[in-house]
Amino acid sequence: MTTPESPGKAYTIAALLGAALWIVGSKVSDRREAWDSETYWIFFYPAAIGACAALAYLFPDRPWRWCIALFAAQFVTMVMLSGEIGNLAPLGIIAFGIISLPAIGAAQLVAGIRRRKP
């Protein structure tokens with residue numbers, strides 16, 4: 001099961017995965033923002049959801065946290081790569097919040113299954 005330091009590990013893994021998925025998605029698609037490419041939506045967004053589900057299996061206590069950390073890291077990475085925060089930042093935060101919802105659902109489902117296992 002989990003240990004007291006596990007949430008810290010899970011947050012770190014989620015943030016690193018989120019940043020990596022965003023960076024690789026941007027580079028592969030040759031776009032400034034990864035989500036401007038269909039490659040992000042076909043490969044990297046599902047991978048982010050899968051990563052959240054995997055983290056929920058490993059760390060089933062309040063698994064929605066890992067999803068928020070992963071997508072927040074994508075937002076931070078997007079801002080860092082662009083070099084500007086701009087007046088569209090609130091819209092970006094809202095967008096990342098919305099696209100994190102399927103990941104939260106998947107994480108909750110996987111964590112529930114994990115908890116039921118003997």
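The values are calculated or read from the model by the stated rules, or taken from the named source; none is laboratory data. Bear in mind that the values here come from a model prediction, so they are computed numbers and not experimental data. FYI the Cβ positions are ideal-geometry reconstructions off the backbone, even for glycines, and counts take in every protein chain you see. When the accessible area is computed, the model is the full protein with side chains, heavy atoms only, and any ligands, DNA or RNA have been set aside. Shrake-Rupley method; radii C 1.70, N 1.55, O 1.52, S 1.80 Å.
Consider Trp41 carefully, then state whether it is crowded, with 18+ Cβ neighbours inside 10 Å and either of a type in the set (Phe, Trp, Tyr) or not in a helix (DSSP H, G or I) (or both). Criteria not met by Trp41. Ile98 fulfils the conditions (1) within 17 Å of Gly18 (Cα to Cα); (2) surrounded by 15 or more Cβ atoms within 10 Å (Cβ to Cβ) except for a single criterion, (2).
The rows are residues; the columns are (1) of a type outside the set (A, V, I, L, M, F, W, C); (2) modelled with pLDDT of 95 or more; (3) over 17 Å from Thr12 (Cα atoms).
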site: Asp36; (1), (2), (3): yes, no, yes
site: Gly50; (1), (2), (3): yes, yes, no
site: Ala56; (1), (2), (3): no, yes, no
site: Ala69; (1), (2), (3): no, yes, no
site: Ala72; (1), (2), (3): no, yes, no
site: Asn87; (1), (2), (3): yes, no, yes
site: Pro102; (1), (2), (3): yes, yes, yes
site: Gln108; (1), (2), (3): yes, yes, yes
site: Pro118; (1), (2), (3): yes, no, yes
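Among the conditions (1) modelled with pLDDT of 95 or more; (2) part of a loop (DSSP other than H, G, I, E, B), Arg65 misses just one, which is (2).
Residues being in contact with a Gly (Cβ under 7 Å, 6 or more places away or on another chain) and at pLDDT 95 or above are represented in segment 40-47 by at least one member. Residues in segment 29-38 that are surrounded by fewer than 20 Cβ atoms within 10 Å (Cβ to Cβ), in contact with a helix residue (DSSP H, G or I) (Cβ under 6 Å, 6 or more places away or on another chain) and assigned to a helix (DSSP H, G or I): 1 in all.
I'd like to check something: does segment 75-88 contain any residue that is touching a helix residue (DSSP H, G or I) at 6+ places or on another chain (Cβ under 8 Å), open to solvent by 70 Å² or more (accessible area, probe 1.4 Å) and farther than 20 Å from Pro7 by Cβ? Looking through segment 75-88, at least one residue is touching a helix residue (DSSP H, G or I) at 6+ places or on another chain (Cβ under 8 Å), open to solvent by 70 Å² or more (accessible area, probe 1.4 Å) and farther than 20 Å from Pro7 by Cβ. For Arg115, only one of the following conditions fails: (1) farther than 25 Å from Asp36 by Cβ; (2) open to solvent by 80 Å² or more (accessible area, probe 1.4 Å); (3) touching a helix residue (DSSP H, G or I) at 6+ places or on another chain (Cβ under 8 Å). What is its number? (3) is the only condition that Arg115 fails. Whenever a residue of segment 39-52 is without any contact (Cβ under 8 Å) to a residue 12 or more places away in the chain, its partners that are open to solvent by 30 Å² or more (accessible area, probe 1.4 Å) and part of a helix (DSSP H, G or I), lying with C-beta atoms within less than 8 angstrom and at least six residues away or across chains, give the pairs Trp41/Trp35.
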